[in-house]
Amino acid sequence: MSSTETRSLHSFHRDVEVMGTVITIDLYGGDARDEVITIRCVDAAELALQQADEIFSTWKAQSPLSRLRRGDLSLVEVPDEVLEVLDACRSARRASEGWFDPWSMPGGVDPTGLVKGWAAERALNELKGLDLSGAVVNAAGDIASFGGPDAGQAFRFGVVRPDSPLKLACVVESPGAVATSGTYQRGNHLVNPFTGEATSTVSATVAGPELGLADALATALAVAGPAGMGFIDALEHYEGLVIEATGKYVKSQGFRLVENLLD
Amino acid sequence: MKRVSLAFCGAVVGMVGLFGYRAVTPSMPAFATVPSTSQSSTTTTSRGNATTTSTAPPTTVPTTTPTTHVRTTPTTPTSAPPTTTTVAPTTTTAPSTVSRSATGASVNYYFGVLSVDVTVTGSKIVKVSIGSINDGGNYRSQSIDQMAIPQLEQQVLAAQSANIQGVSGASYTSAGFHQSLQSALTKLGL
């Protein structure tokens, strides 16, 4: 404990149990004297996550989204956040050339594939007023961040290796958001919106400036597989990586692996 | 599929939190967990390296907000834990080559109760493992645990060696794992 070689600039950590998982908030740098302000901002970030859960949970029968899906609420009655998210879903559907399609879900529109990233991004926004070198909101593996662990440094995030969950596949320098979607661990749960069939891609990671879109694109890329690199390459600022069951991987032109542990 | 990807695939959990660990700093969180039934404050390592004892008392504080803890880090490199009741291990002057171990509090997680053992050399985590686990014995819980736990253990170590601040990917069970790990580190004064 007296050793200082591993000292870091990590200055604050909080777990938020929400959306059926744990979302973590980590701050780097900054001034510990601002503790009151820090906690106030982190509280606001946590509240943003809890509110998103209240609005968008498909598990809670009385959430506005559940009521919209049942037809108990119309689009003019839902909270503004629902309209904002549906708008983002339309953009993501366009950007993914239809591979991300919340309107193709059975049971009515289901924006869940974008909501977690969108909510994490909102939480991150609450932290931007703090004097920090950087902040990370990790929504169960979908990560929103700004800055870095120290001035002039980017955050480095590992991507889990799907065929061997004891290892990382690679390390990427964060452009802000990194999202991974896939079929590993829980078995296949992604459906091709064009055919209705389950997909075979194992893991898809998308890195870019904003986590709501990155989250949706990762879902789309996991469904589309390597063929989805077309729509990723067509997007400015977003890069993709698909890892197949064999360990074989395909990445978009600009996806830079800081450390490649796959080859 | 979105719902599933939120709840499960997405469940990629608090891996972020895990990465706080390599960043463990001298001041520790007032961390809330289920109080361990065996809060033996002295644990020993039997793993070859020098064996020392950690005499730090349990520092987990039951509260009503069990998922939140705050780590306030002094910006100056002092080594005194200023904000909690943590008592640093009395094995003072422990050189960084000495290994110390602790068992974290037993923590409720999705499938049952678990606790985590951790071994550190200096302030570096060198081994992480499950101290005890009761997942109710049903097949589904066990199969998920078998997948998740080695991954969690490994990711803590990988996070240290790869100098990363988070992991993108899916895992489960990690909230409880990570809480218990944090409490074990707290016991070690890290």
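Would you point out which residue out of A:E84, A:E97, A:E46 is more than 14 Å from every other protein chain (Cβ to nearest Cβ), outside any loop (DSSP other than H, G, I, E, B), open to solvent by 30 Å² or more (accessible area, probe 1.4 Å) and at pLDDT 95 or above? If you could, list the steps in order and put the result at the bottom.
Working: A:E97 fails: outside any loop (DSSP other than H, G, I, E, B); A:E46 fails: more than 14 Å from every other protein chain (Cβ to nearest Cβ).
Being more than 14 Å from every other protein chain (Cβ to nearest Cβ), outside any loop (DSSP other than H, G, I, E, B), open to solvent by 30 Å² or more (accessible area, probe 1.4 Å) and at pLDDT 95 or above holds for just one of A:E84, A:E97, A:E46, which is A:E84.
Looking only at segment A:66-81, how many residues end up being open to solvent by 40 Å² or more (accessible area, probe 1.4 Å) and part of a helix (DSSP H, G or I)?
5
Give just the number: which of (1) farther than 17 Å from A:D142 by Cα; (2) part of a strand (DSSP E or B) does A:G225 not satisfy?
(2)
State all residues of segment A:207-232 that are free of Cβ contacts under 8 Å to residues at least 60 places away in the same chain and closer than 18 Å to A:A177 by Cβ; if no residue qualifies, say none.
Initial filter on segment A:207-232 (free of Cβ contacts under 8 Å to residues at least 60 places away in the same chain): A:207-209, A:222, A:225-227, A:229, A:232.
Correct list: A:A207, A:G208, A:P209, A:A222, A:I232.
Right, A:G107: within 10 Å of another protein chain (Cβ to nearest Cβ), touching a residue at least 24 places away in the same chain (Cβ under 8 Å) and part of a helix (DSSP H, G or I) or not?
Values: within 10 Å of another protein chain (Cβ to nearest Cβ): yes; touching a residue at least 24 places away in the same chain (Cβ under 8 Å): yes; part of a helix (DSSP H, G or I): no.
No; evaluated as a whole, the condition is false for this residue.
Could you list, in sequence order, the residues of segment A:8-22 that are touching a residue at least 40 places away in the same chain (Cβ under 8 Å) and more than 7 Å from every other protein chain (Cβ to nearest Cβ)?
The answer is A:L9, and nothing else.
Please work out if A:G254 is touching an Asp or Glu at 6+ places or on another chain (Cβ under 6 Å), open to solvent by 40 Å² or more (accessible area, probe 1.4 Å) and at pLDDT below 95. First the steps, then the outcome.
On the way: touching an Asp or Glu at 6+ places or on another chain (Cβ under 6 Å): yes; open to solvent by 40 Å² or more (accessible area, probe 1.4 Å): yes; at pLDDT below 95: yes.
Considered against the rule, which asks whether it is touching an Asp or Glu at 6+ places or on another chain (Cβ under 6 Å), open to solvent by 40 Å² or more (accessible area, probe 1.4 Å) and at pLDDT below 95, A:G254 comes out as yes.
At pLDDT below 95 and surrounded by 14 or more Cβ atoms within 10 Å (Cβ to Cβ): is that true of A:W103 in this structure?
Details: at pLDDT below 95: yes; surrounded by 14 or more Cβ atoms within 10 Å (Cβ to Cβ): no.
Answer is no for this residue.
Please list, ordered by residue number, the strands (runs of 3 or more DSSP E) wholly in segment A:113-179 having 1 or more residues that are at pLDDT below 95, aliphatic (A, V, I, L, M) and surrounded by fewer than 24 Cβ atoms within 10 Å (Cβ to Cβ). Spell out how you get there, then give the answer.
Working: elements: A:134-139, A:142-147, A:156-160, A:168-173.
Hits in segment A:113-179: A:168-173.
Matching residues to (1) over 13 Å from A:I25 (Cα atoms); (2) β-branched (V, I, T); (3) touching a strand residue (DSSP E or B) at 6+ places or on another chain (Cβ under 9 Å):
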| residue | (1), (2), (3) |
| --- | --- |
| A:L86 | yes, no, no |
| A:A120 | no, no, yes |
| A:L124 | no, no, yes |
| A:S145 | no, no, yes |
| A:F157 | yes, no, yes |
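Would you confirm whether any residue within segment B:131-147 is at pLDDT below 80, in contact with a Ser or Thr (Cβ under 7 Å, 6 or more places away or on another chain) and in a strand (DSSP E or B)?
yes
How many residues are away from chain B (no Cβ under 11 Å) and buried (at least 16 other Cβ atoms within 10 Å of the Cβ) if we restrict to segment A:25-43?
The qualifying residues number 1.
The values are calculated or read from the model by the stated rules, or taken from the named source; none is laboratory data. Quick caveat, the model's predicted, so the values are computed rather than measured. Cβ: placed from backbone, ideal geometry, glycine included. Neighbour counts: every protein chain shown. Just so you know, the surface numbers come from the protein's heavy atoms only, side chains and all, with ligands and any DNA or RNA stripped out. Shrake-Rupley method; radii C 1.70, N 1.55, O 1.52, S 1.80 Å.
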